[in-house]
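Beneath this line is the structure, given in structure tokens, with notes to follow.
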Amino acid sequence: MRVLIAPDKFAGTLSAVEAAAAIAEGWRRRAPGDELDLAPMADGGPGFVDVLHATLGGDLLAATVRGPYGDPVPGTVLRVGDSAYVEAAQACGLHLTPEDDRRPEHASSYGVGELVAAAVDAGVARVVVGLGGTGTNDAGAGLLAALGATSTPPDALTGGPAGLAGLDAVDVAAARERVAGVELVAASDVDNPLLGLIGTTNVYGPQKGVADDRLQAVDAALERLAAAADKKLALAKGAGAAGGLGYALLLLGAAREPGIALVADAVGLPTRARRADLVVTGEGAFDFSSRSGKVPYGVAQVAAEALRPCIALAGQVLIGSREMRAVGIESAYSVADLVGQEASFADPAGSLAALAERTARTWSTM
């Protein structure tokens, strides 16, 4: 039996690469004769570069860039042929903003612009920026500044929403020149606009630490940038991705592509699914939000197009069978239900392997 294993990360415990390895380890215990094809997945957020590197190979170019509060953080650019891949979360991820010291009104995406610049300097024709998991909400103002955009006053673009609150004017010509001749792609499944009730601040700001009584003020700060640069573009789908990094990339001429579809195509998932008899996906918490462009939904769609069954292994399963099938998953299995929540966190890889071993009893023909 041929099994395609294509999970997302299990947030906070296992990367997608580690999750795929754990599932494979457990599956082999029960069905050592099955042919396993590991295809760890990502949707543009944390793990984007690692997942692509694991499948595509290529060269990892190290870069030290500014973190959300200006401290140096390590980053990497993955170069594969004429394309380069950048993960925004490496420079401004939520994990870089400690929960007890989150200052979202001062967090900047400057480091993402530095990663894009490093990718451009590598001489590639195409730069793909994975968006997701960020701790910033500055409409990509920092990214623009790192690529050469200027403002009045001079430091308005680098101080997060607090800096934008005093913005009078912006000139992005130098930033556009910096990336001229390079195809930019914003990889994200978020289709929110930049501003308003369904914009990036009101929908995603609270999880980044923006206080409820500050949402309107922060949204207004982003609106100042949009008014100075391109108000119409703020309405575009995906402009609100990653705290508005989508807007900044669109300003620079980027095209937007769904992150999960981009990764699936890059790793050849449709062809690999057609070769498989069963597709296994997974993530930390499998709930109804999994339908919103997340990895299990994307993998299930690929499996459906290949006429192959798809099952999911998850830390927790929080939806019923009807909702599960609406996402395209035949069955879903929970680590927490098997070993308990405390044990699942104590040994995430071992617990996931145990779940995979038990699941193979049902699904493997061995």
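Values quoted throughout were computed directly from the atomic coordinates according to the rules given, and no laboratory measurement underlies them. What you are looking at is a predicted structure, and each value in this text was computed from that prediction instead of being measured. Every residue, glycine among them, receives a Cβ derived from its backbone with ideal geometry; neighbour counts consider all protein chains shown.
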Rg from C-alpha atoms of region 101-162, normalised by the globular rule of thumb 2.2 N^0.38 Å, equals 1.17
Between the residues 173, 110, 188, the Cα farthest towards the positive end of the dipole of the chain, that dipole coming from +1 and -1 charges on the beta-carbon of Lys, Arg, Asp and Glu, is from 188
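Only Lys, Arg, Asp and Glu count, each charged at its Cβ (+1, +1, -1, -1), so figure out the dipole size of region 169-298 about its Cα centre, rounded to 20 debye.
Numbers: 14 positive and 15 negative charges, 45 e Å.
My answer is approximately 220 debye.
Give the shape of region 287-366 as rounded, prolate or oblate, defined through the alpha-carbon gyration tensor: a ≥ b ≥ c are the square roots of its eigenvalues, a/c under 1.5 means rounded, and otherwise the shape is prolate if a/b is larger than b/c and oblate if not.
On the way: a/c = 2.17, a/b = 1.39, b/c = 1.56.
Oblate, because a/c is 1.5 or more while a/b does not exceed b/c.
Restricting to Cα pairs below 8 Å that are 6+ residues apart, what does the relative contact order work out to for region 160-302? Please round to a whole percent. Please list the in-between numbers first.
Working: 182 pairs, mean separation 41.7, N = 143.
Relative contact order, region 160-302: 29 percent.
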Amide H proximity to residue 256 below 5 Å, modelled H, separation 5+ or other chain, gives 186
For residue 333, the residues 5 or more places away or on another chain with a placed amide H closer than 5 Å to its own amide H are 312, 313, 314
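Report relative contact order for region 48-260 in percent, whole number only (criteria: Cα-Cα under 8 Å, sequence separation at least 6). Could you put the intermediate results ahead of the total?
Working: 543 pairs, mean separation 43.0, N = 213.
Once divided by the residue count of region 48-260, the mean separation gives 20 percent.
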Given a Förster distance of 51 Å, the FRET efficiency implied by the Cβ-Cβ spacing of residue 28 and residue 217, rounded to the nearest 0.05, works out to 0.40
One finds the C-alpha centres of region 91-142 and region 9-27 to be spaced, in Å, by 26
Taking the alpha-carbon centre of each part, the distance from region 153-203 to region 274-336 in Å is 34
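Scanning the chain for helices, which whole DSSP H stretches are 27 Å or more long along the axis (Cα) and average -1.0 or more by Kyte-Doolittle?
Details: long enough: none.
None pass (Cα extent of 27 Å or more, hydropathy at least -1.0).
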Relative contact order as a percentage, the chain, C-alpha pairs under 8 Å and 6+ apart, gives 20
Treating every alpha carbon of the chain as one equal point scatterer without solvent, the Debye formula yields log10 I(q)/I(0) values at q = 0.06, 0.07, 0.08, 0.11 Å⁻¹ of -0.22, -0.30, -0.40, -0.73
With x for Gly and Pro, the residue-by-residue ³J(HN,Hα) of region 232-241, computed from phi through the Karplus equation 6.51 cos²θ - 1.76 cosθ + 1.60 at θ = phi - 60° and given in whole Hz, is 5, 5, 5, 8, 5, 4, x, 4, x, 5
Computed ³J(HN,Hα) along region 148-161: with the Karplus parameters 6.51/-1.76/1.60, θ = phi - 60°, integer Hz and x for glycine or proline, the list is x, 5, 10, 8, 10, x, x, 9, 5, 7, 10, x, x, x
The ³J(HN,Hα) series, computed from each phi in region 194-202 with the Karplus coefficients 6.51, -1.76 and 1.60 at θ = phi - 60°, rounded to the nearest Hz and given as x for glycine or proline, is 6, 10, x, 5, 10, x, 4, 5, 5
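Pop out the Kirkwood hydrodynamic radius of region 48-260 from its pairwise C-alpha distances, inverse of mean 1/r, in Å to one decimal. Can you show the working numbers first?
On the way: mean 1/r = 0.0610 Å⁻¹.
Radius from the Kirkwood sum: 16.4 Å.
Quote the charge dipole size of region 48-260 about the Cα centre in Debye, to the nearest 20; the model charges only the Cβ of Lys and Arg (+1) and of Asp and Glu (-1).
Details: 14 positive and 25 negative charges, 71 e Å.
That gives a dipole near 340 debye.
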Which residues qualify? For residue 199, with a placed amide H closer than 5 Å and at least 5 residues away or on another chain, they are none
